[in-house]
1. How high is the FRET efficiency from residue 41 to residue 174, r the C-beta distance, R0 51 Å, rounded to 0.05?
2. Hey, which of these cross-link pairs are over 20 Å Cα-Cα: 105/165; 86/110; 41/165; 32/94; 32/113; 41/140?
3. Compute the distance in nm between two label points, each set 7 Å from the Cα along the Cα-to-Cβ direction, one at residue 61 and one at residue 152.
4. Summing +1 for each Lys or Arg and -1 for each Asp or Glu, what net charge is found among the other residues whose Cβ lies under 12 Å from the Cβ of residue 120?
5. Quick query: amide H of residue 135 versus all other amide H atoms, modeled in the peptide plane; which residues come in under 5 Å with a sequence gap of 5 or more or a different chain?
6. Need one number: nm distance between label points at residue 51 and residue 101, each 7 Å from Cα along Cα→Cβ, rounded to one decimal.
7. Whose amide H sits under 5 Å from the amide H of residue 65, counting only residues 5 or more places off or on another chain, with H placed in the peptide plane?
8. In nm, to one decimal, how far is the modelled label at residue 33 from the one at residue 68, with both set 7 Å along Cα→Cβ?
Amino acid sequence: MKKNIFIVAHFLFCLLLFSCKEQKKQNTLFEKLDPFYTHIKFSNDLSYDSKFNVYTYRNFYNGGGVAIGDINNDGLQDIFFTANMKENRLYLNKGNMQFEDITEKAGIHKKGKWSTGVSMADVNGDGFLDIYVCNSGDIKGDSRENELYINNGFSPSTSGEGRGKVTFTEKAQEYGLDDHGLSTHAAFFDYDHDGDLDRARDGVEPREKGGHAIHAPLPPFPGVRVAPGFPPGSIRPRAPAPRRRSAPEKRRRPARRSRGAIPTPRGRSRSRRERRAPTR
């Protein structure tokens with residue numbers, strides 16, 4: 001009898017637990033999709049050794065970046081992932097939350113050995129989103145050159161329906177945005193209200209502690225330069241904070257002892273008269 005009661009109680013407990021899980025699943029705002037369905041199999045994996053690790057490079061675990069935007073103007077949001085040690089990946093949205101890896105087809109070739117942040121913006125104003133990748137990492141032999149992928153637009157579809165192939169061309173040096181510092185991230189905005197996008201970059205310059213800069217486009221575009229002179233009201237690069245030096249300590253002179261005085265543990269001398277005074 002007791003055995004049957006135990007079996008029934010165990011069955012009811014499992015049924016209640018299963019129903020709670022089903023109810024919780026129905027009430028959630030987001031749903032986790034399987035990578036086998038979305039075809040997004042990106043992973044920012046890290047490996048370290050005795051020469052390159054979190055002790056030799058303090059930003060080792062800062063992570064990569066992600067940018068979301070419609071690169072072919074089809075109304076669907078595409079995704080660009082940056083990896084620290086592995087290759088960056090560009091995924092084209094095919095609809096119904098399914099994506100295609102078009103990294104090689106689109107002409108995306110990682111130049112830096114350690115990528116960080118990524119931004120999507122229409123840098124040249126042609127109506128197509130471009131991709132700007134920041135590179136960092138204290139790796140020997142790496143120039144840490146940032147990458148600017150200019151969108152070439154999309155070719156006509158072979159079937160006559162939808163969008164064709166979309167490609168990019170790397171032109172960071174041509175646009176003056178091939179920074180060699182330790183870049184973390186960059187943002188594009190119209191800083192001087194002239195209708196062109198400017199760029200603000202956050203990072204660290206070599207042999208400096210602070211590397212914030214604003215770049216404005218030169219007419220005619222392309223061609224980018226650092227805003228000259230930083231006119232009144234502009235944002236200036238953050239200068240490294242001055243190092244505070246503590247004032248040298250004054251040498252303490254030893255207390256002058258009276259004749260017949262005896263040193264005490266606290267450093268104060270007691271005279272014979274004080275010694276003879278009764279203690280309370």
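Laboratory data are not the source of any read-out in this text; all were calculated from the coordinates shown. Bear in mind that the values here come from a model prediction, so they are computed numbers and not experimental data. Every residue, glycine as well, gets a Cβ built from its backbone with ideal geometry; the counts of neighbours run over all protein chains shown.
1. Efficiency, rounded to the nearest 0.05: 0.95.
2. Result: 41/165; 32/113; 41/140 exceed 20 Å.
3. 4.2 nm
4. With Lys, Arg at +1 and Asp, Glu at -1, the neighbours total -4.
5. Result for residue 135 returns 116, 146, 147, 183.
6. For residue 51 paired with residue 101, the spin-label model returns 2.8 nm.
7. Hits under the 5 Å cutoff: 82.
8. That separation, rounded to one decimal, is 1.0 nm.
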